[in-house]
Amino acid sequence: MPLSPSAQKVQDALTALGFVHQVIEFEQTTRTSAEAAQAVGCAVGQIAKSLVFKGKQSGKATLVIASGANRVDEKKLRELAGEKVEKPDADFVRSRTGFVIGGVPPVGHAEPLETLIDEALMQYESIWAAAGTPNAVFKLTPADLVQMTGGRVVSIS
């Protein structure tokens, strides 16, 4: 079965970056970390959830890829971003990433994003990330995540 346009966009981005990971789309939602973990049969901590934050002064988008088991510490994020941050609305997320909330992948964005990766993801042999829609994911390693995003691994929870 062919992928939806947004999931195909992620598959194309992965291929263009030289990765062979395969995007999988499910009938059921994988929007939350718990739903994604249940769909793929892994621990919630192995879900690499993508969260977009907006700088209060600059309006700059920052992508945080956190372990599904963790909550982002906004004080730590403020220090890392160099300014106060807020959770943006759905239109901001879509305009900066090209994807809807619940489906934001680590790659293939509408514009380059500063990316911060939760160090808690590094403990796993494999992880799962969103792939463009609230029911699409792909499996990868933490090292692949760092390589494909150019993200900084940080303590964020």
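Each value in this text was obtained by applying a stated rule to the coordinates, not by laboratory testing. Since this is a predicted model, take the numbers as computed values, not measurements. Here Cβ is always computed from backbone atoms with ideal geometry, including for glycine, and neighbour counts include all displayed protein chains.
Brief remarks follow.
- Rounded to the nearest 20, the size of the Cβ-charge dipole of the chain about its Cα centre is 380 debye, with Lys and Arg at +1 and Asp and Glu at -1.
- Of interest is the spacing of the C-alpha centroids, which for the range 123-143 and the range 6-21 amounts to 12 Å.
- FRET efficiency for Lys56 and Asp91, using Cβ-Cβ distance with R0 set to 22 Å, rounded to 0.05: 0.80
- Extreme residue, positive dipole direction of the chain, given options Trp128, Leu77, Gln8 (C-beta unit charges): Leu77
- Summing Lys and Arg as +1 and Asp and Glu as -1 over all other residues whose Cβ lies under 14 Å from the Cβ of Thr30 gives a net charge of 0.
- With a threshold of 29 Å on the Cα-Cα distance, the over-threshold entries among Lys9/Lys60; Lys9/Lys76; Lys9/Lys75; Lys9/Lys87 are Lys9/Lys76; Lys9/Lys75.
- Rounded to 10°, Cα long-axis angle of helix 5-16 versus longest principal axis of the chain: 80
- Note that the range 42-51 has calculated 3J(HN,Hα) couplings of 9, 6, 4, x, 7, 8, 8, 7, 9, 10 Hz, one per residue in order, obtained from phi through the Karplus relation 6.51 cos²θ - 1.76 cosθ + 1.60 (θ = phi - 60°); glycine and proline are x.
- Computed per residue of the chain from DSSP H runs no shorter than four, each worth -39500 (n - 2.57), the mean residue ellipticity at 222 nm is -8000 deg cm²/dmol.
- Amide H contacts of Lys84 (H built 1.01 Å from N, in plane; Pro and chain starts excluded): Lys56, Gln57 sit under 5 Å, all sequence-distant by 5 or more or on other chains.
- Think of the chain as a dipole: +1 on every Lys or Arg Cβ, -1 on every Asp or Glu Cβ, centred on the Cα centre; then among Gly55, Val93, Val23, Gly55 lies furthest on the positive end.
- 3J(HN,Hα) couplings calculated from phi for the range 95-107 with the Karplus curve 6.51 cos²θ - 1.76 cosθ + 1.60 (θ = phi - 60°) are, in sequence order, 5, 7, 9, x, 9, 7, 4, x, x, 5, x, x, 9 Hz; Gly and Pro show x.
- Within the range 5-154, DSSP assigns beta bridges of which about 60% are antiparallel (rounded to the nearest 5).
- Here the residues Asp91, Asp12, Asp118, ranked from fewest to most Cβ neighbours within 10 Å of their Cβ, fall in the order Asp91, Asp12, Asp118.
- Correct choice for Rg and Dmax of the Cα atoms in Å that was computed from the model, options (1) 14.3, 45; (2) 17.9, 56; (3) 15.9, 52: (1)
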